[in-house]
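Engineer: Sharing a structure here in structure tokens format.
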Amino acid sequence: MDHVGQWAGETAAYDLPHLASYFFYAARQGMIMADARCRIVAANVAAQRMTGYREAELLGRTPEIFDGEHCGVRIVRHLRRIVQRSGHWEGELWCCRKDGSRYPQQTSITGLPGGGYAAVFTDATERRQREEALTQLAFFDPLTELPNRALLVDRLRLAAVRAVRRDTRVALLFVDLDGFKGINDNFGHTRGDALLQAAATRLRGVVRTEDTVARYGGDEFAVVLEGLTSVGDADCVAGKIVGAFEQPFFMGGTLYAVTVSVGIALFPDHGADAPTLIARADAAMYEAKRAGRSGHRLAD
């Protein structure tokens with residue numbers, strides 16, 4: 001007997017339909033089978049656990065049930081057309097459990113002979129959380145939770161693109177805490193870190209929600225203002241920032257007086273790219289410091 005004949009003889013001893021059924025219901029991934037009309041005909045244990053529905057509650061229903069009060073009908077029809085055309089679809093969907101909670105689901109849908117459908121899916125929540133954690137580490141300052149230098153540069157670049165399209169200006173404000181080093185040296189890094197966090201909160205409270213407040217490094221912050229029509233707009237915000245830091249910080253029963261020096265650079269007036277604007281705003285900030293601190297200067 002050749003190898004093919006021998007394999008066929010051996011597998012004949014197994015009940016393949018029974019094994020397939022066992023694999024379907026025991027699989028760790030969620031699996032759902034639907035007929036040509038997208039009516040669910042089977043749902044394995046993992047699918048029931050993931051969605052919160054018992055199989056009896058799913059039989060005869062369409063996958064629209066997993067989209068709650070959202071746009072389930074349109075999504076099912078759209079995916080159905082894709083699978084009918086190409087035989088397969090894979091991607092991420094936001095689905096709704098029986099209890100109403102929503103979660104990201106990594107899904108693969110395959111067309112079956114006779115017009116049915118098979119969907120294999122997993123809960124993508126943990127993967128999403130890992131990706132968000134990596135993004136947080138890469139683009140946000142862990143102490144203040146503000147955008148870091150890398151994200152600041154990217155947002156400044158995008159702001160410049162939008163400014164060209166809308167014929168507006170962008171302002172980059174460099175903000176340095178006057179007297180921070182003395183507090184950090186005399187009272188310790190723990191108190192210094194708390195002061196940086198408080199300063200970040202105060203800065204966010206001055207500007208609009210759509211503006212970017214970033215920690216550039218050390219005791220330096222940066223603010224990106226979009227949609228400006230004149231130099232005076234940036235000058236006004238810088239004045240508000242300086243005024244906001246005239247009030248001392250109260251921490252641990254002690255008042256800490258910290259003012260700020262602010263440098264301003266405008267796009268496109270002072271530069272056409274992020275490195276140039278950063279250099280000009282930084283230089284203007286040091287001019288404000290040399291002029292006596294607790295003030296703001298526009299780049300030359």
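Read the figures in this text as sums done on the coordinates, not as results from a lab. Keep in mind that what you see is a predicted model, and the values were worked out from it rather than measured. Reconstructed Cβ throughout: ideal geometry from the backbone, glycine too, with neighbour counts over all protein chains shown.
Engineer: Would you mind classifying the stretch 238-292 by shape? Square roots of the alpha carbon gyration tensor eigenvalues, ordered a ≥ b ≥ c; an a/c under 1.5 is rounded, otherwise it is prolate if a/b is larger than b/c and oblate if not.
Structural biologist: Judged from the Cα gyration tensor, the stretch 238-292 comes out prolate (a/c at least 1.5, a/b above b/c).
Engineer: Where does helix 231-244 land angle-wise versus the long Cα axis of the chain, in degrees 0 to 90, nearest 10?
Structural biologist: Computed tilt is about 80 degrees.
Engineer: Let me ask you something else. Based on DSSP H runs of at least 4 residues, each adding -39500 (n - 2.57), what is the mean residue ellipticity at 222 nm of the chain after dividing by all its residues, to the nearest 500 deg cm²/dmol?
Structural biologist: So the helix-based figure for the chain works out to -14000 deg cm²/dmol.
Engineer: Using a Förster distance of 30 Å, how high is the FRET efficiency between Phe139 and Thr276, based on the Cβ-Cβ distance and rounded to 0.05?
Structural biologist: 0.85
Engineer: Taking 0.36 nm per residue of sequence separation and subtracting the Cα-Cα distance, how much length would be gained by fully extending the chain between His88 and Gln129, in nm to one decimal?
Structural biologist: This chain segment gains 12.1 nm when fully extended.
Engineer: If I stretch the segment between Ala150 and Arg165 completely, what's the gain in nm (0.36 nm per residue apart, minus their alpha carbon distance), one decimal? Walk me through the intermediate numbers first.
Structural biologist: Details: separation 15, 0.36 × 15 = 5.40 nm, distance 2.35 nm.
Contour length minus the Cα-Cα distance gives 3.0 nm.
Engineer: Could you tell me the center-to-center distance, by alpha carbons, between the stretch 223-284 and the stretch 120-142 in angstrom?
Structural biologist: Using only Cα atoms, the two centres lie 32 Å from each other.
Engineer: Hey, with R₀ at 22 Å, roughly what FRET efficiency would His189 and Glu220 work out to, going by the Cβ-Cβ distance, to 0.05?
Structural biologist: Efficiency at R0 = 22 Å is approximately 0.85.
Engineer: Could you give the nm distance between label points at Arg157 and Arg290, where each point is 7 Å from its Cα heading toward the beta carbon?
Structural biologist: It is 3.2 nm.
Engineer: What nm distance separates the two modelled labels at Glu55 and Thr110, each placed 7 Å from Cα along Cα→Cβ?
Structural biologist: 2.0 nm
Engineer: Right, something else. Mind pulling up the Rg/Rh value for the chain? Radius of gyration and Kirkwood radius, both on Cα.
Structural biologist: Working: Rg = 29.7 Å, Rh = 24.1 Å.
Rg divided by Rh gives 1.24.
Engineer: Under a point spin-label approximation (7 Å from Cα along Cα-to-Cβ), what is the Asp233-Ala283 distance to one decimal in nm?
Structural biologist: Here the answer is 2.5 nm between the modelled labels.
Engineer: What Kirkwood radius, in Å to one decimal, follows from the Cα pairs of the stretch 164-300?
Structural biologist: Kirkwood radius, the stretch 164-300: 15.1 Å.
Engineer: A follow-up question, please. Roughly speaking, what is the stretch gain from Leu19 to Arg97, that is 0.36 nm per residue apart minus the C-alpha to C-alpha distance, in nm to one decimal?
Structural biologist: Between Leu19 and Arg97, full extension yields an extra 25.2 nm.
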